[in-house]
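Here is the structure we will look at.
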């Protein structure tokens, strides 16, 4: 009987270790989803979103994880007030009708214990399409001030804005949008 109890206890301990995922909350003061898009073939316009939130869950030992991010469209910032206002209107992002864009992961890929890409679904203007984000750089440290682990990453991806109904300026302006996302998240 004691042996059965000990085996059950070890099995329970092993099961809890198998679910040893860490949850990280996105730090909105150190996370800026940014993008670049063609401006009539003349230049690349670059902008960012100043407000985002989300959660990252990682189990580096098991090589699994998830990502759930919300970006607030009204926080768009091109560094140009008129362009910011225009981008929020119906013919581009329609922020009144679609105030957020979201990314929800379907799979996180690892090399060793380091995440290297995330497959998921981007929802923009009410349209959901698959998107793969490449993690170009990933690092975690024990933060000196917060006394908790903080992870940071440099992430990139690209999509066709026309797939999401952002058709302003087509075909003069290319539909391709490149993403460059700096992100930091604190372990909870």
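The values are calculated or read from the model by the stated rules, or taken from the named source; none is laboratory data. Nothing here was measured: the structure is a model prediction, and the numbers come from that model. With ideal geometry, Cβ positions are generated from the backbone for all residues, glycine too; neighbour counts draw on all protein chains shown.
With the structure loaded, tell me whether residue 129 is in a strand (DSSP E or B) and surrounded by 14 or more Cβ atoms within 10 Å (Cβ to Cβ) or whether it fails that test. When the stated conditions are applied, residue 129 does not pass them. Scanning the stretch 138-162 for residues that are over 17 Å from residue 178 (Cα atoms) and either part of a helix (DSSP H, G or I) or touching a strand residue (DSSP E or B) at 6+ places or on another chain (Cβ under 7 Å) (or both) yields 138, 139, 140, 141, 142, 143, 146, 148, 149, 150, 151, 152. Restricting attention to the stretch 48-59, report how many residues are surrounded by 17 or more Cβ atoms within 10 Å (Cβ to Cβ) and either assigned to a loop (DSSP other than H, G, I, E, B) or under 16 Å from the mean Cα position of the chain (by Cα) (or both). Count: 7. Just one of the numbered conditions (1) under 17 Å from the mean Cα position of the chain (by Cα); (2) outside any strand (DSSP E or B) is not true of residue 79: (1). Screening residue 85 against (1) modelled with pLDDT of 95 or more; (2) over 27 Å from residue 140 (Cα atoms); (3) part of a strand (DSSP E or B) leaves a single unmet condition, (3).
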